[in-house]
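Since the structure comes first, as structure tokens, the remarks are kept for the end.
Just so you know, all these numbers are worked out from the coordinates, no wet-lab data involved. Treat the numbers as computed from the prediction; the structure is a model and nothing was measured. A quick note on method: Cβ atoms are made from the backbone with ideal geometry, for glycine too, and the neighbour counts reach across all protein chains shown.
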Amino acid sequence: MNLVNILKESGVSYSGKDFVVFGFETLKNANKSQICFFNDITFLDQLKSTKAGAVILKEENLKFLPITSSAIVSENPYLDMARLSKYFIKKPFCNSGKIKIHNSAVVDKNAVIGNGSTIEEGAYIMAGVVVGANVRIGKNTLIYPNVVIYDDSIIGANCSIQAGVIIGSDGYGYAHTKAGEHVKIHHTGNVILEDDVEIGANTTIDRAVFGTTCIGKNTKIDNLVQIGHNCKLGESCLMVSQSGLAGSTTLGRNVVMGGQSAAGGHLSIGDYAQLAARSGVTKSIEGKKIYGGFPLMLQKNWLKTQIKMIRYFDTKKNKIEEGE
Amino acid sequence: MNLVNILKESGVSYSGKDFVVFGFETLKNANKSQICFFNDITFLDQLKSTKAGAVILKEENLKFLPITSSAIVSENPYLDMARLSKYFIKKPFCNSGKIKIHNSAVVDKNAVIGNGSTIEEGAYIMAGVVVGANVRIGKNTLIYPNVVIYDDSIIGANCSIQAGVIIGSDGYGYAHTKAGEHVKIHHTGNVILEDDVEIGANTTIDRAVFGTTCIGKNTKIDNLVQIGHNCKLGESCLMVSQSGLAGSTTLGRNVVMGGQSAAGGHLSIGDYAQLAARSGVTKSIEGKKIYGGFPLMLQKNWLKTQIKMIRYFDTKKNKIEEGE
Amino acid sequence: MNLVNILKESGVSYSGKDFVVFGFETLKNANKSQICFFNDITFLDQLKSTKAGAVILKEENLKFLPITSSAIVSENPYLDMARLSKYFIKKPFCNSGKIKIHNSAVVDKNAVIGNGSTIEEGAYIMAGVVVGANVRIGKNTLIYPNVVIYDDSIIGANCSIQAGVIIGSDGYGYAHTKAGEHVKIHHTGNVILEDDVEIGANTTIDRAVFGTTCIGKNTKIDNLVQIGHNCKLGESCLMVSQSGLAGSTTLGRNVVMGGQSAAGGHLSIGDYAQLAARSGVTKSIEGKKIYGGFPLMLQKNWLKTQIKMIRYFDTKKNKIEEGE
């Protein structure tokens, strides 16, 4: 679709060059057929060197835009990105079409495989599984019943995905108008699971806004875990049941997150960091340490804190104090 | 079924009038073909003006019953309501019968649509979806793979329901005998999603005991969220991943609930209230404020509290103090 | 498969007797065709009296091994157990073969029943359900759409399993190498639900490593709850939405766990104990008490603690104190 037509239909004024747009990308990765938005001054260097065909940005930032990119001037670039994002989605889960199943792979007759997908050697897709379009399932990977894998996902070799897991669902991303309406950001990115990844029952992993949500090699995720859009998990991480990651958070390698622990969005957790059960991460933290509690502290302090809290708030003791 | 027969079969003595009962309702909404229970003195006004055919109530409250309603006298009205509730259920998910699919709607051949259901213009029901009986799916709504929508649900227009979502499951409601047995309250209510609602992967929304669990227009719910029976969410609310609402809680409009936050049952949260991640609501709260923590406080206090807690419980500092 | 061949293929040296191995078991329950591992001195009595054909153990513990059992000497028995566990798995969800459906039971034509399974009198298996091999579904039990029940599960009579529930998924069990790799422990145990059990939507119950994960008669579990491998829940327990149990934890009878509460692994919770919403159990606790908070305390103390915390950390008050 042509940029000029999209912007005309959306009521956005534009006097830059016209071209066929293939979608949104990050400033860093975009090519001349893609568009970006610029909203956050910390990415200024990326704006200055972007190769995007056009960038949605505020008038005051026009001066930083490379001459090779056209400007789509906006009072609220994030909101306008959300509004335009709907032009780049395609119909999900088209399951008629050409598929490629290795003759040693087994696809249950009650599973559905989408158009253009590939099932590699020795993979086993069980009953009730729904695989979207353009998905690749690696060698010897097991997909248990009723798993759903959205379009464009890539699943490595020797993975095991327990029943009810959802991979590639839309992330929770909305821009908000002044009137309090929520404008959906259509997610056009995907999910990649590297080799030897295991995912527990009913866990959900959201696709990226654009780009990729990535689960590193040998990472093991338990049941009912939430992984937000654009998260990157390193090699050999462990995430225990009911833990969660908000969007765009990065784990290093061998990070351990205990049961019901969570991390906010856009954070970074260092290699070999361990988070005790129920701990809550609200700032980026360095690796090779054991953390606990909410507010988060070193786990050894949290253990002492627990003792102090029980002692300090002990009813009998305080009653005496109050009675003095 | 006739009331006299039901009560006879259940071993409940009754000398009131007989009529064909169509089920339970609230005191406020019941008509003369429905029955109610009265257990909580805060609803006394509703008892006095009820139009119900009969009411289960304690002997001491007989005097408040309108002359138009018959009395079913009980030592434990809630328990007897639970025991009788089984007479009003019908077989769920009858999926043979007459269905109505608009010719512009798409229903995947691997989806199942129940008896008497309607799929409106432009809706898209993907593979593995199971829709119960008497369901309505509104215009242009997308239902992703393996979603389950129970009988009698009403889904508005332009909704998007991600994979694995369960809408209309039985609420968690039991009456308890003195011996510690749990008697199931069969849920005969339904779920309504108004227009422009979006629901994230593997989220669960329970049907009402009787009446409706309602999600207001433009409300957006993330993955793995729990909405209990009879909750009412206003317009344009946001509920982030792994948050939860116990039964019969009401959110105003534009309420925001952060990740892993929760509210207890029978509470009311005012318009534009915001709950930080992990906050826990145990009392009704007013709108237009930002809350955090558990126990719940204003978020600005919770942020200061976190600093104080870390400082107060700081190990080194306290060691020195203890050593003095 | 013969033990000598398995150990040869795995590169484990062995000079004991050869026999056909039928899998792993606990020291207590193993027979002469099964093998065990010994890693934890608290089970020494069980080692001394085991009837297992062979036991993986450290050299220093050889002296405790009964003469009837062969020794598989290992520096890391737990890791070697994990490595050998893969020899005892069979292909999951083989759904062709002989099944037995009582003529009063209803199996939806869109449900899949595995080889060797039995559906008893009056049971109703709805659309999209996938039942594995060698499963038994008891009398009058309702299985709602898109539930997955793994191989070897046993579901009692009069149970109700809401949509999207996963029963018998692999537990989250890994042994770890010094290099930080996670070696999967293949779970060969099963899940048993006794009679009158109800399970809420999208809840997950993991199969046992070996032996059984058991949910006691009349226990009622809400939506999105996690039950780890080898847990034992007594009769008439209640687990409210989003609560969780780590592996091998035992609940007595009539235990109540509130919303978002959790217990760590290998703990014991006594009969009639009640856990308030959000409480976190990290040590075994006795029954007939009401607990709350994290760190866990008696609920009455936790309620007082909440008041104290709000008061103590109250911003205005502390500002004055700091200003003095």
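Fewest neighbouring Cβ atoms within 10 Å first, the residues B:40, A:18 line up as B:40, A:18. Per residue, the average separation of C-alpha pairs within less than 8 Å and at least 6 apart gives chain A a relative contact order of 7 percent.
Cross-link partners for residue B:304 among the aspartates and glutamates, with Cα-Cα distance under 16 Å and sequence neighbours closer than 8 places in the same chain left out: B:314, C:314, C:321, C:322. For residue A:100 and residue B:103, the FRET efficiency from 1/(1 + (r/R0)^6), where r spans their Cβ atoms and R0 equals 30 Å, is about 0.35. Helix-only arithmetic for chain B: the sum of -39500 (n - 2.57) across DSSP H runs with n ≥ 4, divided by the residue total, places the mean residue ellipticity at 222 nm at -4000 deg cm²/dmol. With the label put 7 angstrom out from Cα along the Cα-to-Cβ vector, residue B:300 ends up 3.8, 3.8 nm from the copy partners, going from closest to farthest.
Put +1 on the Cβ of each Lys and Arg and -1 on the Cβ of each Asp and Glu in the protein assembly as shown; which of C:219, B:144, B:133 then has its Cα farthest toward the positive end of the dipole? Positive-most Cα among the choices belongs to C:219.
Largest mean-square fluctuation among A:288, A:300, A:98, in a Gaussian network model of chain A whose springs join Cα atoms under 10 Å apart, belongs to A:300. Taking 21 Å as the straight-line reach from the Cα of residue A:300, the lysines in range (excluding those fewer than 8 positions away in the same chain) are A:283, A:288, A:289, A:308, B:308, B:316, B:317, B:319, C:283. Each other copy places its own label point for residue A:60 at 6.8, 6.8 nm from this one, sorted shortest first, where the point lies 7 Å along the Cα-to-beta carbon line. Ordered by the number of other Cβ atoms lying within 10 Å of each residue's own Cβ, fewest first, B:22, B:210 fall into the sequence B:22, B:210.
For the range A:125-148 and the range A:249-312, what is the separation of their C-alpha centers, rounded to whole Å? That distance is 34 Å.
Comment: the Cα-to-Cβ extended label point of residue A:19, at 7 Å, lies 7.3, 7.3 nm from its counterparts in the other copies, nearest first. Of all lysines in the structure, the ones whose alpha carbon falls short of 25 Å from that of residue B:58, not counting any fewer than 8 places away in one chain, are B:8, B:17, B:28, B:32, B:48, B:86, B:178, B:184. Going by neighbour counts of Cβ atoms within 10 Å, the residues C:142, C:62 line up, fewest first, as C:62, C:142. Summed over all non-identical Cα pairs, the Kirkwood treatment of the protein assembly as shown gives a radius of 29.7 Å. Mean-square fluctuations from a GNM of chain C, with a 10 angstrom spring cutoff on Cα atoms, peak among C:284, C:96, C:169 at C:96.
Taking the Cα centre of the range C:3-88 as origin and charging only Cβ (+1 Lys, Arg; -1 Asp, Glu), how large is the dipole, in debye to the nearest 20? Spell out each step's value before the answer.
Details: 10 positive and 9 negative charges, 48 e Å.
Computed about the Cα centre, the dipole is about 240 debye.
Using a Förster distance of 60 angstrom, determine the FRET efficiency expected from the C-beta separation of residue B:115 and residue A:48, and round it to 0.05. Mind dumping the intermediate values first?
On the way: r = 62 Å, r/R0 = 1.03.
In this case the efficiency is close to 0.45.
Under a 5 Å amide H cut-off, with hydrogens placed 1.01 Å from N, residue B:244 pairs with B:226, B:261, B:262, B:263 among residues at least 5 apart or on other chains.
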